[in-house]
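Values quoted throughout were computed directly from the atomic coordinates according to the rules given, and no laboratory measurement underlies them. Note that this is a predicted model, so its numbers are computed, not measured.
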Amino acid sequence: MKAEELMIGDKIRITDAETNVQSQKGVCATVRMIEKEGGYWKIIVRPDNCKYDYAIEREEEFEPIPLTPGILEKNGFKPLEEDSYIYEPLNKNNDYSIVIDMLVPFLSYIVKDSMPKSRYGGEIKFVHQLQHKIRECGISKEIIL
C-alpha cells in the first residue's frame, strides 16, 4: 500500500513492530494527518484502542484492511444478490447508491438514481477504498470495523 493512496479519516492496520507503535501491531487505526516532507511521507494515526496519536514514517508500517461481507453489512450494505451488496444512504437528499460485486473482484458501481444509466465504478478490495467511494458520493459516514 502506498501512502499517496491515503486520505484523512481512512482506516488502516498497523503492521511493523519495530516502530514507535510497537504495542499497536495488528491494530486498526484512523489516519489523522498525512503530508510529504522532503520526499518522505509523515502519517499521523490514532489506533482504535488508544486515545493518543502516533507517527508512521514508512509504508512498511501499515497495510490496508481487507473488505469483507461482514464489514459491508455492519455499515449498512444489504445483500442484493449472491455475493453482491448495495448501500443506499438514508439521506433523501443524496440520490446515489453504491453496489459492490464481491466476485468480479470487488467491482463497485456508483449509481445516481436521477440518471439510472449513469454508472461508474472501480475495484474495491480494501476498507480505505470503500471510504473513498462513499466520500465521492458526498456521504458522510464513519466506517465500523
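Below, the figures for the structure above:
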{"item": "Per-residue HN-Hα couplings for segment 41-55 [Karplus 6.51, -1.76, 1.60; θ = phi - 60°; Hz; x = Gly/Pro]", "result": "8, 10, 10, 9, 10, 10, x, 4, 9, 9, 9, 10, 8, 10, 9"}
{"item": "Under Karplus coefficients 6.51, -1.76 and 1.60, residue-wise ³J(HN,Hα) of segment 70-86 in Hz, glycine/proline x", "result": "x, 5, 4, 5, 4, 9, x, 6, 10, x, 9, 8, 4, 6, 10, 9, 10"}
{"item": "Sequence-distant residues sharing a close amide H with I56 (under 5 Å, placed H)", "result": "I43, I44, V45"}
{"item": "Isotropically averaged projected area of segment 3-63, using the convex hull of Cα atoms (one quarter of hull area), nm²", "result": "3.7 nm²"}
{"item": "Among the listed pairs K42/K133; K11/K133; K25/K78; K78/K133; K25/K74, those beyond 22 Å (Cα-Cα)", "result": "K42/K133; K25/K78; K25/K74"}
